[in-house]
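Asks: Please see the structure below; I have some questions.
The values are calculated or read from the model by the stated rules, or taken from the named source; none is laboratory data. These numbers were taken from a predicted model, which means no experiment stands behind them. Positions of Cβ are generated from backbone atoms using ideal geometry, with glycine treated the same way; all protein chains shown enter the neighbour counts. These area figures cover heavy atoms from the full protein model, side chains too; ligands, DNA and RNA do not enter into them. Shrake-Rupley method; radii C 1.70, N 1.55, O 1.52, S 1.80 Å.
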Amino acid sequence: MNEQSQWLTLTEQHAWRSVIRMYERLEGRVSRGLQSESRLSGSDFAVLVDLTEAPGGRMRHVDLARRLEWEKSRMSHQITRMVKRGLVVRQECPEDGRGAFVVITPEGLKVVGEAAPRHVREVRRLFIDPLTPDELETFARVADRVVERLE
């Protein structure tokens, strides 16, 4: 590889590391709070929230993995653990014998419904409250622009 790397400037490096540090700490704190109060991991919560927003509380396994940006094996292991706890079930896809749906159970709905207020309180306390409305709006615009690039 003869290609020269364009190293980050100090300002760019600071911005990048700040975003990563913020994400890791927010995710860690919110996940620990969920785990201690609801016995849901951050991954459990992410799956359940996406399923509650899906029509009929179900999504194709592959679509759920894509939406969460997870590898197929990670999604499979996560769903297996959640099936054992009664939070979701797998259903075969009649149109595609190889595909499967992940469906939220009544227990999964109950647990995510109980955990959601705690999650919202923590997100508000750790992320929303420290920002002004203008900063929050700017942050959302910047994040949306980066997500558009990723898609």
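Asks: Which number in (1) surrounded by fewer than 13 Cβ atoms within 10 Å (Cβ to Cβ); (2) in contact with an Asp or Glu (Cβ under 9 Å, 6 or more places away or on another chain); (3) among the hydrophobic types (A, V, I, L, M, F, W, C) marks the one condition that Val111 misses?
Replies: Of (1) surrounded by fewer than 13 Cβ atoms within 10 Å (Cβ to Cβ); (2) in contact with an Asp or Glu (Cβ under 9 Å, 6 or more places away or on another chain); (3) among the hydrophobic types (A, V, I, L, M, F, W, C), only one is false for Val111: (1).
Asks: Across the stretch 55-80, what is the total count of residues that are out of contact with any Cys (no Cβ under 9 Å at 6 or more places or on another chain) and in contact (Cβ under 8 Å) with a residue 12 or more places away in the chain?
Replies: 12
Asks: Looking for something open to solvent by less than 60 Å² (accessible area, probe 1.4 Å), in a helix (DSSP H, G or I) and under 30 Å from Phe127 (Cα atoms) - is there at least one such residue anywhere in the stretch 83-97?
Replies: Checking the stretch 83-97: not a single residue is open to solvent by less than 60 Å² (accessible area, probe 1.4 Å), in a helix (DSSP H, G or I) and under 30 Å from Phe127 (Cα atoms).
Asks: Here's something else I'd like to know. Which number in (1) closer than 27 Å to Leu126 by Cα; (2) not in a helix (DSSP H, G or I) marks the one condition that Glu27 misses?
Replies: The number of the failed condition is (2).
Asks: Additional query: Considering only the stretch 13-47, how many residues are under 26 Å from Phe139 (Cα atoms) and open to solvent by 90 Å² or more (accessible area, probe 1.4 Å)?
Replies: 9
Asks: Within the stretch 103-126, can one find any residue that is within 24 Å of Arg60 (Cβ to Cβ) and assigned to a loop (DSSP other than H, G, I, E, B)?
Replies: yes
Asks: Please go through the stretch 80-100 and pick out each residue that is touching a Lys or Arg at 6+ places or on another chain (Cβ under 7 Å) and modelled with pLDDT of 95 or more.
Replies: The answer is Val83, and nothing else.
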